[in-house]
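The values are calculated or read from the model by the stated rules, or taken from the named source; none is laboratory data. Note that this is a predicted model, so its numbers are computed, not measured. Here the Cβ positions follow ideal geometry from the backbone for every residue, glycine too, while neighbour counts run over all protein chains shown. These accessible areas exclude ligands, DNA and RNA; they are computed on the full protein's heavy atoms, side chains included. Shrake-Rupley method; radii C 1.70, N 1.55, O 1.52, S 1.80 Å.
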Amino acid sequence: MQGFGSFLPGRVEFGSGTISVLPEWVKGKSILFMSDAGVKGSGILDPIVAACKKSAANVTEFYETPTEPSEDDAAAVAARFKEAKIDAIVAVGGGSVLDTAKVLGVLIGSDASVADLFDGKFPASRSISLIMVPTTAGTGAEATPNSILYRPSLKLKVGIVCGLFVADKIILDPDLTLGLPQGVTAATGLDALCHAIECLVSNKANPLSDMLSIEALRLIFANLRKAYKNGRDVEARANMLLASFYAGVSIACAGTNIVHALSYPLGGRYRIPHGVSNAILLAPAMGFNAEVSADKLAGLAGFIDGASLNGRESRVESVMRELEALTQDLGIPRKLADLGVPASDLEVLVEDAYKVRRLLDNNPREVGKDDIRAIYQSLC
C-alpha cells in the first residue's frame, strides 16, 4: 500500500448558510477582511462584513486583490500590511484571493519576503490565523498548502508549497456561489476536474487521495453541467463546492502533474485564466496518460451517462470522449489560437513546460519534450 503524508485544514463548515458562523470565529479579533473587486461588486460581502464589524474588535478591508496575482503583486500587498496588528485574515473569494491571503498570513509579522518563499526559506511559524471562504467551486485553494503566483522574470506561473499555507478554518457555503457567471463556473469546475483526475493518476496517489479524487469526480460528472446551465441550482452548486474541496485535499497529499505543468506557460506568457488553460489541455494530456493509467481511468466510466461498461479499453475511450464533450459543452475553446497563442511560440512553450519538474516528475508516464510538443500541436 502506498504511504502518504498530508496537510489537513483545522476545521471545516459545509452547507447553505454556514457563513453565519464567521462572526463567532472572529469575535474580539483584529482581522484583515480581503477579497477582490468582482466579489465586492456582487454585493454578497456587504452583510458578511457588517456582521464581522459587530463581532470583531477591528476590521480592515482590502478589495484590491488582482486576478492571477504576480509575485510583485503579493509583495506589494504584504508591504502594505507588513506592520499591521492582525490576529486573523478572512479571505473570501476565488483562488487568487485565497492564494494571496496565504502569502500574507506568512509574511505579515515576519522578516520573510516573497523571494524567500520561492527559495523555500519559510518562517518557523505564523501568528495570524487563516480563515478561507471560497466563492467559486474549482480551485480548491482553501484546502491546499499551495500558492500559485506569476513570476515575470520567468514568464511562468510557479507554485509555492508550504505547510504554513494550510487554512485554520474553512467555510464552504454554496449560497455564496449562486449566480456565478457561466464562464467562471466552467473554468473553475473544470479546474476541479483536472485536480481530481491528475491526483487520481499521480505517482503519489494513495488511499486518501484516491478516495477523495474518485468522490470528487463522481460529483463533478453529475453536477458540473447542471451548475453551468442553471447558476441558481443550489444542490448542484453545493456538490461542486464539495467536489472542489475534496480535490484540493487530494492535491495536498498526491499532487497534480502533466495538465498543470503544460498549463503554467499558457497562464504565464498569455495570462490565460488558470482554469481555462487547464481545461483545454485536459483531454489530450489524459489521453497521453491513458497508456499507463488505464485501470484508474476505466473506473470512472460508471459515473458517465451512456458510457460503455464493456471492457477496460472501451471504458477508457468513453472517459476520454466525456472529457472532450464536457469541455466543449462548457464553451472552452478547442484551439490555442482561440486563446491568442500563436503557433510560432510552440517551441517556447515546450521549453517552459519542460522546466516544471515538480509536476512533470509526478506524472505516471515519463514526459519528454517530444511528448509535450505533440500535446500542444494537437491543439494547434
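Kindly list, by first and then second residue, each pair from a residue in the stretch 276-293 that is free of Cβ contacts under 8 Å to residues at least 60 places away in the same chain and within 10 Å of THR327 (Cβ to Cβ) to a residue that is open to solvent by 20 Å² or more (accessible area, probe 1.4 Å) and assigned to a helix (DSSP H, G or I), limited to pairs with Cβ atoms under 6 Å and residues at least 6 apart or on different chains.
Every condition considered, the pairs that remain are ALA283/GLU324.
Looking only at the stretch 330-347, count how many residues are farther than 18 Å from HIS274 by Cβ and either buried (at least 20 other Cβ atoms within 10 Å of the Cβ) or under 25 Å from the mean Cα position of the chain (by Cα) (or both).
3
Any idea which of (1) modelled with pLDDT of 95 or more; (2) surrounded by fewer than 24 Cβ atoms within 10 Å (Cβ to Cβ); (3) assigned to a loop (DSSP other than H, G, I, E, B) is the one THR136 doesn't satisfy?
Of everything listed in (1) modelled with pLDDT of 95 or more; (2) surrounded by fewer than 24 Cβ atoms within 10 Å (Cβ to Cβ); (3) assigned to a loop (DSSP other than H, G, I, E, B), THR136 misses just condition (2).
If a residue must be in a helix (DSSP H, G or I) and either touching a residue at least 24 places away in the same chain (Cβ under 8 Å) or in contact with a Lys or Arg (Cβ under 6 Å, 6 or more places away or on another chain) (or both), how many such residues does the stretch 331-346 contain?
Result for the stretch 331-346: 6.
Could you check, for the stretch 347-357, whether at least one of its residues is of a type in the set (Gly, Ala, Ser) and at positive phi?
Within the stretch 347-357 (the criterion being of a type in the set (Gly, Ala, Ser) and at positive phi), the answer is no, since none of the residues qualifies.
Can you go through THR256, THR185 and tell me which one is in a loop (DSSP other than H, G, I, E, B), among the hydroxyl-bearing types (Ser, Thr, Tyr) and buried (at least 24 other Cβ atoms within 10 Å of the Cβ)?
Going through THR256, THR185 in turn, just one is in a loop (DSSP other than H, G, I, E, B), among the hydroxyl-bearing types (Ser, Thr, Tyr) and buried (at least 24 other Cβ atoms within 10 Å of the Cβ): THR256.
Out of all the residues in the stretch 106-118, which are part of a loop (DSSP other than H, G, I, E, B), open to solvent by 30 Å² or more (accessible area, probe 1.4 Å) and either among the polar types (S, T, N, Q) or at pLDDT 95 or above (or both)?
SER113
Might you let me know whether the stretch 61-72 holds any residue that is open to solvent by less than 10 Å² (accessible area, probe 1.4 Å), modelled with pLDDT of 95 or more and among the aromatic types (Phe, Trp, Tyr)?
Yes.
Taking the conditions exactly as written (out of contact with any Leu (no Cβ under 6 Å at 6 or more places or on another chain), touching a residue at least 40 places away in the same chain (Cβ under 8 Å), part of a helix (DSSP H, G or I) and not polar (S, T, N, Q)), does ALA196 satisfy them or not?
No: the conditions fail for ALA196.
Can you pull out every residue in the stretch 226-253 that is touching a residue at least 60 places away in the same chain (Cβ under 8 Å) and surrounded by fewer than 19 Cβ atoms within 10 Å (Cβ to Cβ)?
Answer for the stretch 226-253, where residues must be touching a residue at least 60 places away in the same chain (Cβ under 8 Å) and surrounded by fewer than 19 Cβ atoms within 10 Å (Cβ to Cβ): just VAL234.
Would you mind telling me which numbered condition in (1) open to solvent by less than 10 Å² (accessible area, probe 1.4 Å); (2) more than 17 Å from the chain's Cα centre (by Cα) ALA196 fails?
Every condition holds for ALA196 apart from (2).
List the residue pairs whose Cβ atoms are under 8 Å apart, where the first residue sits in the stretch 24-36 and is under 18 Å from LYS102 (Cβ atoms), the second is in a loop (DSSP other than H, G, I, E, B) and among the acidic types (Asp, Glu), and the two are 6 or more positions apart or on different chains.
Listed pairs, sorted by first residue: ILE31/ASP87; ASP36/GLU64.
Check off (1) in contact with a strand residue (DSSP E or B) (Cβ under 7 Å, 6 or more places away or on another chain); (2) farther than 18 Å from PRO273 by Cβ; (3) aliphatic (A, V, I, L, M); (4) surrounded by fewer than 23 Cβ atoms within 10 Å (Cβ to Cβ) for ALA167 and give me the number that stays unchecked.
Here ALA167 clears every test but (4).
Checking TYR354 against (1) within 24 Å of THR188 (Cα to Cα); (2) at pLDDT 95 or above; (3) in contact with a helix residue (DSSP H, G or I) (Cβ under 6 Å, 6 or more places away or on another chain); (4) open to solvent by 20 Å² or more (accessible area, probe 1.4 Å): exactly one of these is not met. Which one?
(1)
Would you point out the residue of the stretch 119-133, among those that are hydrophobic (A, V, I, L, M, F, W, C) and in a loop (DSSP other than H, G, I, E, B), that is surrounded by the most Cβ atoms within 10 Å (Cβ to Cβ)?
My answer is ILE128.
Among the candidates GLY179, GLY189, GLY183, single out the residue that is in contact with a Leu (Cβ under 7 Å, 6 or more places away or on another chain) and either small (Gly, Ala, Ser) or under 16 Å from LEU323 (Cβ atoms) (or both).
Answer to the selection: GLY189.
Out of all the residues in the stretch 223-252, which are more than 17 Å from the chain's Cα centre (by Cα) and hydrophobic (A, V, I, L, M, F, W, C)?
Of everything in the stretch 223-252, those that are more than 17 Å from the chain's Cα centre (by Cα) and hydrophobic (A, V, I, L, M, F, W, C) turn out to be ALA227, VAL234, ALA236.
Restricting the search to the stretch 85-100, which residues are under 16 Å from LEU172 (Cβ atoms) and assigned to a helix (DSSP H, G or I)?
Result: GLY95, VAL97, LEU98.
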